[in-house]
1. Suppose we keep only residues that are in contact with a Leu (Cβ under 6 Å, 6 or more places away or on another chain) and either under 20 Å from residue 196 (Cβ atoms) or aromatic (Phe, Trp, Tyr) (or both) within the range 150-179. Which one would you say is surrounded by the fewest Cβ atoms within 10 Å (Cβ to Cβ)?
2. Considering only the range 103-117, state which residues are surrounded by fewer than 16 Cβ atoms within 10 Å (Cβ to Cβ) and either farther than 30 Å from residue 38 by Cβ or among the aliphatic types (A, V, I, L, M) (or both).
3. Scan the range 94-102 and tell me whether some residue there is in contact with a Ser or Thr (Cβ under 9 Å, 6 or more places away or on another chain), on the phi < 0 side of the Ramachandran plot and either surrounded by 19 or more Cβ atoms within 10 Å (Cβ to Cβ) or not assigned by TED's automatic domain parsing to the domain that holds residue 288 (or both).
4. Out of the range 43-97, which residues are part of a loop (DSSP other than H, G, I, E, B) and of a type in the set (Phe, Trp, Tyr)?
5. Can you confirm whether residue 216 is aliphatic (A, V, I, L, M), in contact with a strand residue (DSSP E or B) (Cβ under 6 Å, 6 or more places away or on another chain) and free of Cβ contacts under 8 Å to residues at least 12 places away in the same chain?
6. Go through the range 245-261 and give me each residue that's surrounded by 17 or more Cβ atoms within 10 Å (Cβ to Cβ), of a type outside the set (Phe, Trp, Tyr) and outside any loop (DSSP other than H, G, I, E, B).
7. May I ask you to list pairs of residues, at least six apart or on different chains, whose Cβ atoms are under 8 Å apart, with the first in the range 259-271 being more than 16 Å from residue 114 (Cβ to Cβ) and the second being assigned to a loop (DSSP other than H, G, I, E, B) and among the basic types (Lys, Arg)?
8. Taking the options 68, 132, name whichever one is aromatic (Phe, Trp, Tyr), modelled with pLDDT of 95 or more and either more than 30 Å from residue 232 (Cβ to Cβ) or not assigned by TED's automatic domain parsing to the domain that holds residue 176 (or both).
Amino acid sequence: MKVHDVLIIGAGPAGLATAIAAKEQHLDYVVLEKGVLVNSVFRFPVNMVFFTTPELIEIGNLPLVSPFDKPTRLEALRYYRRVVDTLGIDVCLGEEVLSVARDPSLDSEVFAVETRSNRAVRRVRHARAVVFAIGYYDHPNILGVPGEDLPHVHHYYDEAHAHYRQHVVVVGGRNSAAETALELFRAGVHVTLVHRQATLADSIKYWVRPDIENRIAEGSIPARFETRIVEIRPTTVVVEKHGVRDELPADAVYLMTGYHTDMSLLTEAGIAIDPETYLPAYDPQTFETNVPNLFVAGGTISGKNTAPIFIENGRFHGDAIVKVLAERAALLPR
C-alpha cells in the first residue's frame, strides 16, 4: 500500500504552489481536485479582469505574460495549465475528497483519505500529512429568504447577454456586485442594485468605484441602500427599508453576497473551527492545525472574512508548509 508524504486537497493557486514546493523538496505528493484545474478561477465571470498585476498571481517562478496591466480570467486559466504541464505537477481532477481520518489499521501517523471520482468510483488514499487548500468560492453565502431557490436566482455571475432588455436585481455592495451591475447595464439590461449598508464597500477596485458611483448618481443604475431582500418571487423581489416594503420587477436576481469555506470536511477531521468566524485553529507560521500533520492554505484560512486572502498572498503558504514537512520527512526511514 502506497503512503504519500502529503496529499493536497484543491488544485487552485495555493494548492498548486504547495505541490510545486513539495516536488522541489522531493516529497511524494499528489493533488486532489473535485472540479477542474483552478476551479474557482474557472467559475469567475467570463470577462473578469484581476485586481492585481500579472506577477502577483505567478507561481513556480514561471512568468505570466500579458499585454494588459492586469490579466484576464482567460489568461490566468491558460497560465495555470502551462504551469502544471511545464512543471509536471501530479494533479487528479474530478476526484472529490469525502473524508480525512487517521487509519486505525495502520500506523497511527497515517491518514486515510476517502475520495469519489466524478464517475462515482470510490477509493482510499493514504498519506502522512494532508493540506486543505479548498478555498471558499464553491459555497455562496445564503440569505435564507423565501424564493432564494427559484431558478432565476443566481449566486454566480457569468455574462450579460442573456439578460438583454430584462429587469435584473443585483444584491450586494462589494466589488463583485458593482462589476456585475456595470456589465449588465452596458449590455442593455435594466439593473437595480440593492445593498443593506448605507454606502458601497471600501474594497471596490479603485477604477470601478467612480464608474459605479457615477452610474448611480445619474440614475442609470438605481440603487437601494439600507435595504434588505425580504422575499424573491417569480417576477419580482420584495425589499424593505426602515420597515417600509416595496416590490421591484426582476426577471433575474444575482445575489453577490460573498462566499465561505465549507468547514465540514475539516471539522470531521478534528480541526477546531470558531463557530462565529469560521476560522480554523492553525499556527500562522507553519499553517499546521490543532491536528498534527493537517495543514490549511490559501482561502481555507479566511473564515467568513474572505477579503484578506487571495492569490497574491495565499500562493506563499505552501512554502511554509512544505518546509515543515521536508524537515519531518528527513527524520523518517526511507
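The values are calculated or read from the model by the stated rules, or taken from the named source; none is laboratory data. If you're wondering where the values come from, they're calculated on a predicted model, not measured in any experiment. Cβ atoms come from the backbone with ideal geometry, glycine included; neighbour counts cover every protein chain shown.
1. If we take residues in the range 150-179 being in contact with a Leu (Cβ under 6 Å, 6 or more places away or on another chain) and either under 20 Å from residue 196 (Cβ atoms) or aromatic (Phe, Trp, Tyr) (or both), then 155 is surrounded by the fewest Cβ atoms within 10 Å (Cβ to Cβ).
2. First, pick out the residues of the range 103-117 that are surrounded by fewer than 16 Cβ atoms within 10 Å (Cβ to Cβ): 104-109, 114, 116-117.
Listed by number, the residues that qualify are 104, 105, 106, 107, 108, 109.
3. The answer is yes, given that some residue of the range 94-102 is in contact with a Ser or Thr (Cβ under 9 Å, 6 or more places away or on another chain), on the phi < 0 side of the Ramachandran plot and either surrounded by 19 or more Cβ atoms within 10 Å (Cβ to Cβ) or not assigned by TED's automatic domain parsing to the domain that holds residue 288 (or both).
4. Residues of the range 43-97 that are part of a loop (DSSP other than H, G, I, E, B), as a first pass: 43-48, 50-53, 58-71, 88-90, 94.
Result: 44, 50, 51, 68.
5. Values: aliphatic (A, V, I, L, M): yes; in contact with a strand residue (DSSP E or B) (Cβ under 6 Å, 6 or more places away or on another chain): yes; free of Cβ contacts under 8 Å to residues at least 12 places away in the same chain: no.
The answer is no for residue 216.
6. Passing the criteria: 248, 252, 253, 255.
7. 260/304
8. On the way: 68 fails: modelled with pLDDT of 95 or more.
From the options 68, 132, the qualifying one is 132.
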